[in-house]
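A short worksheet on the structure shown next.
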Amino acid sequence: MKTIVSPSLLAADFTNLQADIDMINRSEADWLHCDVMDGVFVPNISFGFPVLEAVKRICTKPLDVHFMIVKPERYITRTAKLGAMMMNVHYEACTHLNRTIHEIHEEGMKAGVTLNPSTPVCMLEDCIQDVDIVLLMSVNPGFGGQKFIENTYAKIGRLRKLIKDSGSQALIEVDGGVNAETAPKLKRAGVDVLVSGSYVFKAEEPEQVIKTLSSPLPP
Ligand code: DX5
Ligand code: ZN
């Protein structure tokens, strides 16, 4: 089975987003991952709605928006208006996660819940049935180009069990340090969606890299 690939815009060339989004449009990428950071939840600031709106105008792939901000529920309506396919919020940033998930659905988007590396998957026990996707951070959020945290492989196994036992349909997405070495291991561990920033955008042939990330492992 093919793996869903969501290249991360954070590693694109911000002086020429048009060229990088043209590449994404031509490629076999399934989604475009957009990292919104507020300098509070994470120690970095990336981009916000003016950039997302411009990207949406020229990108033909669905937008998978990853909010690394406090109180992301403040921006559910705005994210829906933008036309995002999915809104990913951090478990650690939402006091009333159940309400937030329902509000995202009411606005017509898929709801994703993201876990920091130190947050165990058991924290999702009481919401997993309502969630469309669980995004496991395999680096501490805030920056691209960091080293993959090895514990993620085992975490995928624990999350798969939780999904199966609860009868949930949630997909498993992994974000951070995804490259030629980690992607095959993540596929073997059972990942559904791979986010990849620097490995895709810094490559000589990014379209080929995206194709390889999406390809099934040889038997
Ligand atoms: C990190 C972001 C990631 C980042 C991944 O906080 O959520 O999406 O862009 O970058 P790489 O693939 O370079 O680790
Ligand atoms: Zn991300």
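Counting only strands (runs of 3 or more DSSP E) wholly contained in the range 67-143, the ones carrying 1 or more residues that are small (Gly, Ala, Ser) and modelled with pLDDT of 95 or more occupy 110-115.
Scan the range 125-150 residue by residue and report those that are away from ligand 1 (no atom under 16 Å from the Cβ) and more than 22 Å from residue 69 (Cβ to Cβ). 125, 126, 128, 129, listed by residue number.
Considering the range 22-45 alone, what residues qualify as being more than 12 Å from ligand 2 (Cβ to nearest atom) and either crowded, with 21+ Cβ neighbours inside 10 Å or in a loop (DSSP other than H, G, I, E, B) (or both)? Once the filter is applied, which keeps residues that are more than 12 Å from ligand 2 (Cβ to nearest atom) and either crowded, with 21+ Cβ neighbours inside 10 Å or in a loop (DSSP other than H, G, I, E, B) (or both), the range 22-45 yields 24, 27, 28, 29, 30, 39, 40, 41, 43.
Residue-wise test of (1) within 26 Å of residue 110 (Cα to Cα); (2) within 15 Å of ligand 1 (Cβ to nearest atom); (3) in a loop (DSSP other than H, G, I, E, B).
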{"residue": "157", "(1), (2), (3)": "yes, no, no"}
{"residue": "174", "(1), (2), (3)": "yes, yes, no"}
{"residue": "187", "(1), (2), (3)": "yes, no, no"}
{"residue": "200", "(1), (2), (3)": "yes, yes, no"}
{"residue": "207", "(1), (2), (3)": "no, no, no"}
{"residue": "210", "(1), (2), (3)": "yes, yes, no"}
{"residue": "217", "(1), (2), (3)": "no, no, yes"}
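Which one is surrounded by the fewest Cβ atoms within 10 Å (Cβ to Cβ), of the residues in the range 1-21 that are aliphatic (A, V, I, L, M) and either in contact with a strand residue (DSSP E or B) (Cβ under 9 Å, 6 or more places away or on another chain) or part of a loop (DSSP other than H, G, I, E, B) (or both)? Here the residue is 1. Taking the range 189-198 only, how many residues are within 16 Å of ligand 2 (Cβ to nearest atom) and in a loop (DSSP other than H, G, I, E, B)? Residues in the range 189-198 being within 16 Å of ligand 2 (Cβ to nearest atom) and in a loop (DSSP other than H, G, I, E, B): 3 in total.
Within the range 72-101, the set of residues being within 16 Å of ligand 2 (Cβ to nearest atom) and under 23 Å from residue 152 (Cα atoms) comprises 86, 87, 88, 89, 90, 91, 92, 93.
Being exposed (fewer than 15 other Cβ atoms within 10 Å of the Cβ) and hydrophobic (A, V, I, L, M, F, W, C) holds for only one residue in 154, 183, and it is 154. Checked against (1) of a type outside the set (Ser, Thr, Tyr); (2) surrounded by fewer than 22 Cβ atoms within 10 Å (Cβ to Cβ); (3) more than 14 Å from ligand 2 (Cβ to nearest atom); (4) at negative phi, residue 104 meets all criteria but (2).
The values are calculated or read from the model by the stated rules, or taken from the named source; none is laboratory data. Everything numeric here is computed off the predicted structure, so don't read it as measured data. Virtual Cβ from ideal backbone geometry, glycine too; neighbours counted across all protein chains shown.
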